[in-house]
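One structure is given here, and the rest of the page talks about it.
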Amino acid sequence: MGSSSPPDTSKTAKLERYNTYIRKINTTKLISASSKLLFRVTLLISLLLIFFFIVNINYPPLTTSSNSNNPHINHRILFSSAFYGGGATWEKQVRRSSTPKRVNGLSVLVTGSAGFVGSHCSLALKKRGDGVLGIDNFNSYYDPSLKRARQNMLAKHDIFIVEGDINDVSLLSKLFDIVPFTHVLHLAAQAGVRYAMQNPLSYISSNVNGFVTLLEVAKSANPQPAIVWASSSSVYGLNMKVPFSENDRTDKPASLYAATKKAGEGIAHSYNHIYGLSLTGLRFFTVYGPWGRPDMAYFFFTKDMIQGKAIKVYVSQDDKDVARDFTYIDDVVKGCVGALDTAEKSTGGGGKKRGPAQLRVYNLGNTSPVSVKKLVAILENLLNVKAKKNVVKMPRNGDVPFTHANVSLAYRDFGYKPTTDLSSGLRKFVKWYLSYYGIQSRIK
């Protein structure tokens, strides 16, 4: 047999080399395309991060880290805080709300404007033609929906509330840059005596740090505003002399809340002395009425009595009645407005004092203490319900057994004269309560 020639593999080898070459090209193209895509995605993310970083320098989150220890503060997410308050529309709202409609009207920044006293004062000032701008952080110490309802009520009267925290220096500075406020009514605070035992740091953050932050911004403003701010009857603490007068000792606070308010009075004195800020402190005595705070006894007594639940009626450690100088909201509003109207101008500007400035403290009470038992009896009559009472001794949590205001100083300086007795005031409150919560009225 003749020898056969070997099979020709050259064509197969060439085809394999060609396929390998094509695969390499495709792989290179894929890697190149992936790299470009990855680069573009990375670049886009980087630009977004830079954008958010820049925006947040100019407009930081509206609730600050100083409140991080308070579980009852609403923390806005990064996205909303980055964009909030940065536009022309927002600034227009701020200016329009704070511009007075009457000749020589005030331009007032009201802190805590969605609160009980703050909303009532804002409305009273706006109705007489003053410019009013509110600021509130809408925290959840009590039901924020009530604060939102107050906000909606104020919005109907063209009062704009900036949603922000008084510890936010950048936000406050921005507001003072936009508006030359003539006055500040500082009512934002962490309220409540008993809650101070659960969350003490929230009181320091709001009542001390927040007040200092506001004063720091106000002292640097030009012109400096006159400031009226909420102290408290609780500063009288364990004082046994009645009625309480402004020149009584206030160095024995019975609660941390009282201590922060007393600290505020000392801080006010120092800023008045060093920077020429005009400062007026108002010591409120148990304010009550429509749109009130749900953590107050008259409010939750009403709620529990309607629902047939038992209520705790406190007596003192020596079995005496607990009594309060209950002050109706309309009377307190008149006192706040009177204090604003008689506040002299600050004497500093740009952080420098040019002369002595006004420094005042006043009681705003009703001058007629009423026992908690009597309060319950009035509510029983108004609601036509018999309360289920558990009489217990007041716990040693910082509350005091009685309060009683001497208001002669406020009467002398701006005509403060309370006119609403507890029965009349509670009647108005109950009427509002039944209407607001949609409860069928059984009121007499």
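To the nearest 10 Å², what's Val391's accessible area with a 1.4 Å probe?
About 90 Å², ignoring ligands and nucleic acids.
Starting from the Kirkwood Rh over alpha-carbon pairs, what translational D in µm² s⁻¹ does region 338-414 have by Stokes-Einstein at 10 °C and 1.306 mPa s?
92
Within 10 Å, count the other beta carbons around each residue, average over each peptide in 366-372, 323-329, and list them highest first.
323-329, 366-372
For region 285-333, with equal point scatterers placed on the C-alpha atoms only and solvent neglected, what are the log10 I(q)/I(0) values from the Debye formula at q = 0.21 1/Å, to two decimals?
Listed by q, the Debye log ratios stand at -0.86.
Heavy atoms of the protein only, probe of 1.4 Å, neighbouring chains included. What is the accessible area of Ile439 in Å², nearest 10?
Roughly 60 Å² of Ile439 is accessible to a 1.4 Å probe.
If R₀ is 41 angstrom, what is the calculated FRET efficiency for the pair Leu409 and Ser220, using the beta carbon separation as r and rounding to 0.05?
It comes out at approximately 0.85.
Quickly work out the Lys309-to-Lys352 label distance, labels modelled 7 Å from Cα along the C-beta direction, and quote it in nm with one decimal.
With each label placed 7 Å out from Cα toward Cβ, I get 5.9 nm.
At Ile439 and Asp295, where each label point lies 7 Å from the Cα along Cα→Cβ, what is the point-to-point distance in nanometres?
Using points 7 Å along Cα→Cβ, the separation is 2.1 nm.
When a/c is below 1.5 the answer is rounded, else prolate if a/b is larger than b/c, else oblate, so apply that to region 187-257 with a ≥ b ≥ c taken from the square roots of the Cα gyration tensor eigenvalues.
oblate
If you count only protein heavy atoms with a 1.4 Å probe, what accessible area per residue comes out for region 298-415, rounded to a whole Å²?
Accessible area per residue: 46 Å².
So if R0 is 51 Å, what FRET efficiency would Lys374 and Ala88 give, r being the distance between their Cβ atoms, rounded to the nearest 0.05?
Efficiency, rounded to the nearest 0.05: 0.40.
Between Lys386 and His157, with labels modelled 7 Å along Cα→Cβ, what's the label distance in nm to one decimal, could you check?
Reported label-point gap for Lys386 and His157 is 4.2 nm.
Considering only protein heavy atoms, what is the solvent-accessible area of Asp165 at a probe of 1.4 Å, reported in Å² to the nearest 10?
0
In whole Hz, with x marking every Gly and Pro, tabulate ³J(HN,Hα) for region 207-220 from phi via Karplus 6.51 cos²θ - 1.76 cosθ + 1.60, θ = phi - 60°.
These are the phi-based 3J(HN,Hα) values: 7, 10, 4, x, 5, 5, 4, 4, 5, 4, 5, 5, 5, 8 Hz.
Enumerate the amide H contacts of Phe402 below 5 Å, restricted to partners 5 or more residues apart or on another chain; note that Pro and chain-start residues carry no placed amide H.
It is Ala323, by chain and number.
Residue by residue, what Karplus-based ³J(HN,Hα) values in Hz, rounded to whole numbers, does region 110-126 have, using 6.51, -1.76 and 1.60 with θ = phi - 60° and x for Gly and Pro?
9, 7, x, 6, 8, x, 5, 5, x, 5, 5, 5, 4, 5, 5, 5, 5
The values are calculated or read from the model by the stated rules, or taken from the named source; none is laboratory data. For clarity, every value in this text was computed on a predicted model and none was experimentally measured. Neighbour counts run over all protein chains shown; Cβ positions are idealised from the backbone, glycine included. Protein only, heavy atoms only, side chains kept; ligands, DNA and RNA dropped before computing areas. Shrake-Rupley method; radii C 1.70, N 1.55, O 1.52, S 1.80 Å.
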